[in-house]
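*Asks:* One structure, as structure tokens, below. Some questions next.
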Amino acid sequence: MSTFFEIRSSTANYSVQIKAGLLERTLHQLSDQLVIADEYFSSVIKESGCTYVTLAASEAAKSLDAIPQVIEALRERGANRQTTLIAIGGGVVQDIAGFVASVYMRGVPWNYFPTTLLAMADSCIGGKSSINVGPYKNLIGTFHPPAAVLIDPTLVSTLSDEMRISGLIEAAKICYCHGASKFQEYLAFDPDPTISGNKVEHLLACSLNAKKWFIEIDEFDKAERLLLNFGHTFGHAIESASHFRISHGVGVALGIQCAIELGNRVGRTYHAGNRIHELEGHLRRLLCALPNLSNEIKHLSVAGVVERFNADKKHGADFFTVILVANSGSVEIVRLPKDGGTLDAIRESIASAMDSMDSSIART
Ligand SMILES: NC(=O)c1ccc[n+]([C@@H]2O[C@H](COP(=O)([O-])OP(=O)(O)OC[C@H]3O[C@@H](n4cnc5c(N)ncnc54)[C@H](O)[C@@H]3O)[C@@H](O)[C@H]2O)c1
Ligand SMILES: [Zn+2]
């Protein structure tokens, strides 16, 4: 089977194809191309005979300091205005390739093969690149969608359980934010860390179709698309306070739990039967499959998370911007005053979310 659809974008529409075996089948056609790939794929890339740059995927690799080396490597390998860059890797390679493609000689086209479930289910569409500056994660970036997104779902078989869980968390979040029926469609796949085969392709189509709605209606992140930041302000703070031992998707799941707790503290009530409880239960089941997470949570400093939460670029001078869950179960953008009461509620929400997640893991 194969899934094909287009994303509307103000720069140019672009295509998304999902097909098992796509990377292997395409590699031999890449011999005259310039590839930026995750070093995990070094040997297969080498065999294809293409010109390539490989990168070790890490937060340090996508820092502004590391970008000149990539640009120089492309120049040394002959990249020019006629070059279409080919990126092969997860979100880190995507961020680097997307950023570099948007500025190299004022912009060259690129095609993207996402190789992690997170990149396949979420980040590969939307056109954003995000680069770290010093201690600030994703502080700068550009909008420069790839000309084509080519997804080979068989690549998820070599990912760790944690990487698969991270991707499922982002997919669950997108489908939840889209609305009740999309979230039920997602849950019907009964997603768990062993997901494989056709199920992956169907799940990716479901998640990308949900994300397509947000990015087409609000390409530049001014209104509806901001809702996809659900769990991310807390999530990024948790990721960073753990010195990135907690991965992005797992940080987002913990961040969603913090947002639910904060909603409770600022007057939201989630009655039994509200779909937020289904999301909470699903995320808990996914996180309980991670044996080391309890240890990471225990070592997390709440003050460290609050400090990073405070520094998030989405806040204003006198208000915090958070995505909370309304009583109806829908997500909404909320501005909370920057005062002692809000800070206490934020601190308590983080502490309580970590405690409750840790006890859930301990019970399994
Ligand atoms: N630009 C966006 O829209 C966007 C959205 C979400 C996340 N991100 C960014 O993405 C990054 C996280 O990316 P990620 O979670 O996709 O992972 P990653 O790119 O950090 O890769 C994680 C690990 O998986 C390995 N790997 C990649 N593909 C593999 C495969 N098929 N089999 C085995 N190992 C494989 C890599 O070598 C690496 O060790 C974060 O920096 C985050 O900020 C960007
Ligand atoms: Zn994310």
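What follows draws every value from the coordinates through simple rules; no lab data is involved. Just so you know, these numbers come straight off a predicted model, no measurement behind them. Cβ coordinates were reconstructed from backbone atoms using ideal geometry, including for glycine residues, and neighbour counts include every protein chain displayed.
*Asks:* At what distance in nm do the modelled label points of H299 and T84 sit from each other, each positioned 7 Å from its Cα along Cα→Cβ?
*Replies:* Calculated label separation equals 4.4 nm.
*Asks:* Now for a separate question. So how much slack lies between V266 and F244, counting 0.36 nm per residue of separation and subtracting their Cα-Cα distance, in nm? Don't jump to the answer; show the numbers that get you there.
*Replies:* On the way: separation 22, 0.36 × 22 = 7.92 nm, distance 2.93 nm.
Stretched fully, the V266-F244 segment lengthens by 5.0 nm.
*Asks:* Still on this structure: If we count trypsin sites (Lys or Arg not before Pro) as exposed when they sit in a DSSP loop and have at most 10 other beta carbons within 10 Å, what is the longest stretch of the chain that avoids them all?
*Replies:* Longest run free of exposed loop sites: 223-364.
*Asks:* A further question follows. Each label point is 7 Å from the Cα along the Cα-to-Cβ direction; what then is the distance between the points at A147 and A12, in nm?
*Replies:* Reported label-point gap for A147 and A12 is 0.5 nm.
*Asks:* Indicate, rounded to the nearest 5 percent, the antiparallel portion of the DSSP beta bridges found entirely in the chain.
*Replies:* Values: 18 of 39 bridges.
Taking every DSSP beta bridge within the chain, about 45 percent pair in antiparallel fashion.
*Asks:* Considering only the other residues whose Cβ falls under 13 Å of the Cβ of L208, what net charge follows from Lys and Arg at +1 and Asp and Glu at -1? Spell out each step's value before the answer.
*Replies:* Numbers: positive: K182, K211, K212; negative: E6, D122, E170, E185, E201, E216.
In short, -3.
*Asks:* Any chance you could run the full-extension gain for D32 through R335? It's 0.36 nm times the residue separation minus the Cα-Cα distance, nm to one decimal. Don't skip to the answer; put the middle values down first.
*Replies:* On the way: separation 303, 0.36 × 303 = 109.08 nm, distance 5.09 nm.
Computed gain between D32 and R335 is 104.0 nm.
*Asks:* Next question. Taking amide H positions as placed in the peptide plane 1.01 Å from N, state which residues far from S9 in sequence (5 or more) or on other chains have amide H under 5 Å from it.
*Replies:* Y14
*Asks:* By how many nm would the segment from E24 to A60 lengthen if fully extended, with 0.36 nm per residue of separation less the alpha-carbon distance? Could you put the intermediate results ahead of the total?
*Replies:* Numbers: separation 36, 0.36 × 36 = 12.96 nm, distance 2.89 nm.
The E24-A60 span can extend by a further 10.1 nm.
*Asks:* Further question: Counting only helical runs of four or more DSSP H residues, what would the 222 nm mean residue ellipticity of the chain come to if each run contributes -39,500 (n - 2.57) and the total is spread over all its residues? List each step's numbers first, then the result.
*Replies:* Working: 13 runs with 163 residues, N = 364.
Only helices count here, giving -14000 deg cm²/dmol.
*Asks:* When Lys and Arg each count +1 and Asp and Glu each count -1, what net charge do the other residues less than 11 Å away from P193, Cβ to Cβ, add up to? Provide the component values of the computation, followed by the final result.
*Replies:* Working: positive: R164, R285; negative: D161, E162, D192.
That works out to -1.
*Asks:* Let me know the charge dipole size of segment 148-294 about its Cα centre in debye, to the nearest 20, where only the beta-carbon of Lys, Arg (+1) and Asp, Glu (-1) is charged.
*Replies:* Values: 14 positive and 17 negative charges, 69 e Å.
For this selection, approximately 340 debye.
*Asks:* For segment 47-193, taking Cα atoms only, what is the radius of gyration to one decimal and the Dmax to the nearest whole Å?
*Replies:* Computed over the Cα atoms of segment 47-193, radius of gyration and Dmax are 16.3, 51 Å.
*Asks:* Only Lys, Arg, Asp and Glu count, each charged at its Cβ (+1, +1, -1, -1), so figure out the dipole size of segment 62-168 about its Cα centre, rounded to 20 debye. Present the calculation step by step, with values, prior to reporting the outcome.
*Replies:* Values: 8 positive and 8 negative charges, 74 e Å.
With Lys and Arg at +1 and Asp and Glu at -1, about 360 debye.
*Asks:* Right, here's the next one. Could you list, bin by bin from short to long, the percent of Cα-Cα pairs of the chain in 20 Å steps?
*Replies:* For the chain, the binned pair fractions read 30, 59, 11, 0 percent.
*Asks:* Something else: Return the percentage of antiparallel bridges among DSSP beta bridges fully within segment 22-146, rounded to the nearest 5 %.
*Replies:* Working: 5 of 20 bridges.
Here the share of antiparallel DSSP bridges comes out near 25 percent.
*Asks:* Looking at the square roots a ≥ b ≥ c of the eigenvalues of the Cα gyration tensor of segment 137-272, which shape do they give, rounded for a/c under 1.5, prolate if a/b is larger than b/c, or oblate?
*Replies:* Values: a/c = 1.27, a/b = 1.22, b/c = 1.03.
Rounded, since a/c falls under 1.5.
*Asks:* Same structure again: Picking from Y52, T26, I36, whose Cα lies most toward the positive end of the charge dipole for segment 19-60 (charges on Cβ: Lys, Arg +1; Asp, Glu -1)?
*Replies:* Checked the options; the winner is T26.
*Asks:* Within the P(r) computed for segment 84-168, what percentage of the Cα pairs occupies the region above 18 Å?
*Replies:* Numbers: 1440 of 3570 pairs.
When every Cα pair of segment 84-168 is considered, 40 percent fall beyond 18 Å.
*Asks:* How large is ³J(HN,Hα) for each residue in segment 314-323, as worked out from phi by the Karplus curve 6.51 cos²θ - 1.76 cosθ + 1.60 (θ = phi - 60°), to whole Hz, x for Gly and Pro?
*Replies:* Coupling constants for segment 314-323: 7, 6, x, 5, 10, 8, 9, 9, 9, 9 Hz.
*Asks:* Quick check on segment 258-364: what does the Kirkwood estimate of hydrodynamic radius come out to from the alpha carbon pairs, in Å?
*Replies:* Details: mean 1/r = 0.0673 Å⁻¹.
Taking every pair of different Cα atoms in segment 258-364, averaging 1/r and inverting gives 14.9 Å.
*Asks:* In whole Hz, what ³J(HN,Hα) sequence does segment 49-62 give by Karplus (6.51, -1.76, 1.60; θ = phi - 60°), x for Gly and Pro?
*Replies:* Along segment 49-62, the couplings run x, 7, 8, 8, 10, 10, 10, 7, 6, 7, 5, 5, 5, 9 Hz.
*Asks:* Among I297, G273, N310, whose Cα lies farthest out toward the positive end of the dipole of segment 258-324, if unit charges sit on the beta carbon of Lys, Arg (+1) and Asp, Glu (-1)?
*Replies:* Working it through, the farthest residue towards the positive pole turns out to be G273.
*Asks:* Could you tell me the ratio Rg/Rh of segment 1-134? Both radii from Cα atoms, Rh via Kirkwood. Working shown, then result.
*Replies:* On the way: Rg = 14.2 Å, Rh = 15.2 Å.
Ratio of gyration radius to Kirkwood radius: 0.93.
*Asks:* Give, rounded to the nearest 20 debye, the magnitude of the charge dipole that the chain has about its Cα centre when Lys and Arg contribute +1 at Cβ and Asp and Glu contribute -1 at Cβ. Kindly include the intermediate steps, with their values, before the conclusion.
*Replies:* Details: 33 positive and 39 negative charges, 83 e Å.
In debye, rounded to 20, the chain gives about 400.
*Asks:* For the chain, which DSSP H helices look membrane-span-like by this rule: Cα extent along the axis of 15 Å or more and mean Kyte-Doolittle of at least -1.0?
*Replies:* Working: long enough: 91-103 (18 Å, 1.47); 161-178 (26 Å, 0.18); 198-217 (29 Å, 0.14); 248-265 (25 Å, 0.63); 275-287 (18 Å, -0.58); 340-363 (34 Å, -0.01).
Those that clear 15 Å and a mean of -1.0 are 91-103, 161-178, 198-217, 248-265, 275-287, 340-363.
*Asks:* Straight distance only, please: which lysines reach the Cα of K19 with their own Cα at less than 29 Å, same-chain residues fewer than 8 apart left out?
*Replies:* Cα-Cα hits under 29 Å: K46, K62, K128, K173, K182, K199, K211, K212.
*Asks:* Which far-off residues, 5 or more places away or on another chain, put their amide H under 5 Å from the one on L55, with H placed in the peptide plane?
*Replies:* A37, D38, E39
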